1. When you check G169 against the structure, is it of a type outside the set (S, T, N, Q), at pLDDT below 95 and under 23 Å from H141 (Cα atoms), yes or no?
2. Considering the range 174-198 alone, what residues qualify as being in a helix (DSSP H, G or I) and either among the aliphatic types (A, V, I, L, M) or touching a Ser or Thr at 6+ places or on another chain (Cβ under 7 Å) (or both)?
3. Answer with yes or no whether A172 is of a type in the set (G, A, S) and loosely packed, with under 15 Cβ neighbours inside 10 Å.
4. Where in the range 46-105 are the helices (runs of 4 or more DSSP H), entirely inside, with at least 3 residues that are more than 19 Å from G139 (Cα to Cα)?
Amino acid sequence: MTRRPDDTAPDTSSRDVPRRPRRRAEETRDDILAAAEEMLRQKGLGDFSIADLAGELGMSPANVFKHFRSKSALADAICDRHVIRMIGRFKAFDEPGPAPERLAVAVRKMMEAHLADIRENPFLFEMLVVMSEANLPSGRHYKRLIDDLFADLVREGIESGAYSCDPDGDIARQVGSAFSSVLHPIFLLHAEEAELQARCRGLAALVNAALQNPLAK
């Protein structure tokens, strides 16, 4: 049978080629964070650019900016992810024991994690310092996570009878702040590790004494 000029075959080319599934925004954001963290670990914040990151990911800089409005916002998100992982590790490996002992161990391990970052991930630690000095969300979130971790330890200590303080009192609320000189990134940069270890032990002893004997003069 002869086909007439107006008898055209249907175009099936668009149906024959499978469409690439659209990725969820959260997945793209995670990919950006992972690639940026790796680049920042190697190059530091000063030598890092959104253009280089976009090239590494095979996307346009505009697509990166769609998820993170600036380089500082991206660095802030990376720092936030880092501290969440760090605090999560402490909670996961918290071992049963008397509350005073657990508190001292938690402080020491957090301090040692920061010191390891100074040695092994200096550029990432530099970012933590910058974010904390600039009072950006990751720095504020880090403080809340620290305060929550110690609040949980204090509450459990009160419930077990190891601590005698008021869970809503000033002493209980200031535990995290009491350890700032061994946990805040700025205080760790130029201190000797032996001095920090001694300071950490002394602060833990003082805080435990205050929690166990809140009325002592």
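The values are calculated or read from the model by the stated rules, or taken from the named source; none is laboratory data. Note that the structure is a prediction, hence the values are computed from the model and not measured. Glycine gets a Cβ as well: all are built from the backbone with ideal geometry, and neighbour counts include every protein chain shown.
1. yes
2. Within the range 174-198, V175, A178, V182, L183, P185, I186, F187, L188, A194, L196, A198 meet the criteria.
3. Judged against the criteria, A172 is not a match.
4. 50-57, 61-67
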